[in-house]
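The values are calculated or read from the model by the stated rules, or taken from the named source; none is laboratory data. Treat the numbers as computed from the prediction; the structure is a model and nothing was measured. Methodologically, a virtual Cβ is constructed for each residue, glycine included, from the backbone with ideal geometry; neighbour enumeration extends over all protein chains shown. In case anyone asks, the SASA skips ligands and DNA or RNA and just uses the protein heavy atoms, side chains included. Shrake-Rupley method; radii C 1.70, N 1.55, O 1.52, S 1.80 Å.
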Amino acid sequence: MLFCNYVITLININSYFCKIKTSIMDSIKKIFKIGYGPSSSHTMGPVNACNKFLENVRDAASYKVILYGSLAATGKGHLTDLALERQFPKNNLVIEWQPKIILPEHPNGMEFFAYDADGNIIKQQKYFSLGGGDISTNASRGKENMVYELSTMQEILDYLKTRRIWEYVDECEGSEIWDYLGEVWHIMQESIHNGLEHESTLPGVLKLPRKASSVFSRLQGMNHALKQRYSAMAYAFAVAEENASGGKIVTAPTCGSSGILPAVLNVYTNFYEKNDKKILHALATAGLIGNLIKYNASISGAEVGCQGEVGAACSMAAGAMCQLIGGSPYQIEYAAEMGLEHHLGLTCDPVCGLVQVPCIERNAFAAVRAIDAGFYSLFTDGKHLISFDRVVKVMKATGHDLPSLYKETSMGGLASGQVCNVE
């Protein structure tokens, strides 16, 4: 009898532990980071790595940073050197560029050294910039801030049944996420306003004039339908140009694709309904879509090309728009799938290494495409052949198959044949 009770107890304990799930996906705060452009991988990431490295060695006599692969190839165009130099006010930093050396762990590699007065190394550490400003010492995502147990769209839809996608975010993140998303929305609106106000030339050798203000002005004389449709372009130009000039933006999911989601949300606010609560719910859904792409594939242009940046952002914005106009969770999934599917294979080939051409225009066109995907999915019952989860897997495989010259190195595609002196 005692033996039977013992066995039953073991079975019950085992059943209990089998029901325990482990959170494996980041907070959406990692998708929406507030910071300064022009690049989450090349500016935010190195600065975050620098701040981490400088802990306990801020009084070293001198420092050196070696930038490898993509970080070195387009670092100057992405202001990586200027961003790092700001962290060392004593001008005791040497930056070494190694574009032809690609570390096996990740194309965005960097190595930091701290020296004493005799030139001896007192600290040395490698970091990898994984996209969206995230860094790691081993090219894998950290385990802190893991709050989501489910990691595919289908799992989430099956779990929610009749509930909304944003409700799963609320369940996992807690009520404090809404204050954070409120700040995100505020900064997004601010970046649109600032971008529309400026009419200067963007920094860099291209001497590219800003277009957001003139596009917006011309729209004012158009009929309501055209104004409603193409305001998304003006808003996306505004944010992307702010990012290109080193202004304050929100990664969504990266700096280079930061104009798409705020543009779509601003169109809804200005032409459909001014409802900040619904906007925050849409931000939550968009963040979860971005999280699924990031976890199951990548949002790093250096890893999978621009499909992981502009494609992911279009997917997020399409899902958000579909929700705002009354779409069901299955219609939202369809909109998000279309936003990513029709950017498959998109190369990352910034001319002169600047986050300007073709990056800014891609934000504008993807914003309009996201709105179209949101509306089209609303006209359907949400049933379709290729799932969002399937497209994410294909995007990852496609990115790995792309040659490195099409992944943020400015060595191929639109960037090839250009004479750019960014020294």
Collect the residues in region 259-285 that are under 27 Å from Glu149 (Cα atoms) and in contact (Cβ under 8 Å) with a residue 60 or more places away in the chain, keeping them in residue-number order.
Leu261, Ile279, Leu280, His281, Ala282, Leu283, Ala284, Thr285
Those residues of region 39-67 which are closer than 26 Å to Pro203 by Cα and not β-branched (Val, Ile, Thr), in sequence order
Ser39, Ser40, Ser41, His42, Met44, Gly45, Pro46, Asn48, Ala49, Cys50, Asn51, Leu67
State whether the residues of region 226-233 include one that is within 28 Å of Ala302 (Cβ to Cβ) and either out of contact with any Gly (no Cβ under 6 Å at 6 or more places or on another chain) or not small (Gly, Ala, Ser) (or both).
yes
For region 114-144: of the residues being open to solvent by 20 Å² or more (accessible area, probe 1.4 Å) and among the hydrophobic types (A, V, I, L, M, F, W, C), which is farthest from Ser300 (Cα to Cα)?
Ala117
Filter region 35-89 down to the residues that are surrounded by fewer than 24 Cβ atoms within 10 Å (Cβ to Cβ) and polar (S, T, N, Q) and list them by number.
Asn48, Asn51, Asn56, Ser62, Gln87
Inside region 200-239, the number of residues satisfying the requirement of being more than 29 Å from Ala415 (Cβ to Cβ) and of a type outside the set (A, V, I, L, M, F, W, C) is 10
Check whether at least one residue in region 320-332 is touching a Leu at 6+ places or on another chain (Cβ under 9 Å), modelled with pLDDT under 95 and in a helix (DSSP H, G or I), and report yes or no.
no
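What about Ile332, is it closer than 16 Å to Ser377 by Cα, touching a residue at least 40 places away in the same chain (Cβ under 8 Å) and in contact with a Cys (Cβ under 6 Å, 6 or more places away or on another chain)? Give the derivation first.
Details: closer than 16 Å to Ser377 by Cα: yes; touching a residue at least 40 places away in the same chain (Cβ under 8 Å): yes; in contact with a Cys (Cβ under 6 Å, 6 or more places away or on another chain): yes.
Taking the combined requirement at face value, the residue satisfies it.
Please state which one of Thr398, Thr380, Thr409 is closer than 21 Å to Leu130 by Cβ, of a type outside the set (A, V, I, L, M) and surrounded by fewer than 20 Cβ atoms within 10 Å (Cβ to Cβ).
Details: Thr380 fails: closer than 21 Å to Leu130 by Cβ; Thr409 fails: surrounded by fewer than 20 Cβ atoms within 10 Å (Cβ to Cβ).
Testing whether each residue is closer than 21 Å to Leu130 by Cβ, of a type outside the set (A, V, I, L, M) and surrounded by fewer than 20 Cβ atoms within 10 Å (Cβ to Cβ) leaves just Thr398.
Starting from residues that are assigned to a strand (DSSP E or B) and touching a residue at least 40 places away in the same chain (Cβ under 8 Å), keep the ones in region 107-121 and report whichever is farthest from the chain's Cα centre (by Cα).
Restricting attention to region 107-121, the residues satisfying the condition of being assigned to a strand (DSSP E or B) are 109-115, 121.
Adding the requirement that they be touching a residue at least 40 places away in the same chain (Cβ under 8 Å) leaves 109-115.
Values: Gly109: 18, Met110: 20, Glu111: 23, Phe112: 25, Phe113: 29, Ala114: 31, Tyr115: 34 Å.
Only one residue fits best here, namely Tyr115.
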